[in-house]
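What follows is a single structure, written as structure tokens, with notes after it.
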Amino acid sequence: MTDRTAGPAADLASDPVAAAPAPAAVDVPAAGPVPRAVPATGGPRATRPLNICVFLSAADLPERYTAPAREFGGLLGRAGHTLVWGGSESGLMKVVADGAQEAGGRLVGVSVEFLRAKARAGADEMVIAPDLAARKAELLRRSDAIVVMVGGTGTLDEATEILELKKHGLHAKPVVVLNSAGFYDGLAAQFRRMEAEGFLPLPLSELVHFSDDGADALAYLQEHA
């Protein structure tokens with residue numbers, strides 16, 4: 001997630017969702033190694049509520065990016081799942097959280113110490129990590145499945161680390177790249193080249209799923225989590 005530390009703080013009092021009382025933020029220790037996961041065995045469509053981690057930007061973006069984020073948040077909430085995200089009350093992070101919460105979904109935020117002041121006040125749970133490495137580890141630990149939405153260098157950093165850990169068998173959680181407005185067309189082409197030229201030790205389809213819309217993304221996660 002690409003957080004912007006500059007600029008005016010969000011006006012939480014003017015937002016009826018964000019202005020609701022929230023539990024106190026909980027600090028977490030620095031990240032340790034991610035425990036090795038038991039490989040997924042497939043099976044029937046998930047019927048239990050899922051904790052779905054979303055990596056995405058905290059920038060203010062045009063409607064071609066905000067609409068898919070809002071839609072996915074709503075789909076997640078109406079399905080009874082929990083949004084696990086970077087906890088920011090800015091930009092696209094706020095949009096997806098609003099969508100999920102307005103549709104009845106729970107919000108679990110994992111912010112970071114230097115962005116504590118930007119953490120969403122209306123989350124059901126807010127965790128403050130000491131640094132970005134601990135934040136990524138906590139987001140992965142708390143999630144059953146991962147979605148990568150549009151974002152900048154921070155989102156790419158999070159996505160590549162999650163995929164590298166999966167490549168080495170350190171977790172078996174499904175990962176979806178939500179390719180809103182073709183934003184990740186270039187990344188998809190690069191991954192296909194990596195696979196074709198022998199850079200990936202497992203089929204690309206087992207590593208990550210690219211989806212063009214939120215309904216397909218959620219269906220994939222529910223099928224594979």
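Listed values, structure above:
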item	result
Dipole magnitude of region 46-224, debye to nearest 20 (Cβ charges: Lys/Arg +1, Asp/Glu -1, about Cα centre)	340
Chymotrypsin sites (Phe, Trp or Tyr not before Pro) restricted to region 164-225 and DSSP loop, no more than 13 other C-beta within 10 Å	PHE199
Mean-position separation - Cα centroids, region 121-175 and region 61-115, in angstrom	14
Charge-dipole axis of region 46-224 as Lys and Arg at +1 and Asp and Glu at -1 on Cβ define it, positive-most pick from GLY182, LEU75, GLY152	LEU75
Distance (nanometres) between label positions extended 7 Å along Cα→Cβ at GLU197 and THR160	1.5
Charge context of ASP212, other residues only, Cβ under 14 angstrom, K/R +1, D/E -1	-3
In nm, spacing of pseudo-spin labels at GLU113 and ASP27 (7 Å Cα→C-beta vector)	0.7
Kirkwood Rh in Å, taken over all unlike Cα pairs in region 46-224	16.1
Cα-projected label distance for ALA219 with ALA189, points at 7 Å along beta-carbon direction, nm	2.7
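Every number here is computed from the coordinates shown, using simple stated rules; none is lab data. No experiment lies behind these values; they were computed from the predicted model shown. Neighbour counts run over all protein chains shown; Cβ positions are idealised from the backbone, glycine included.
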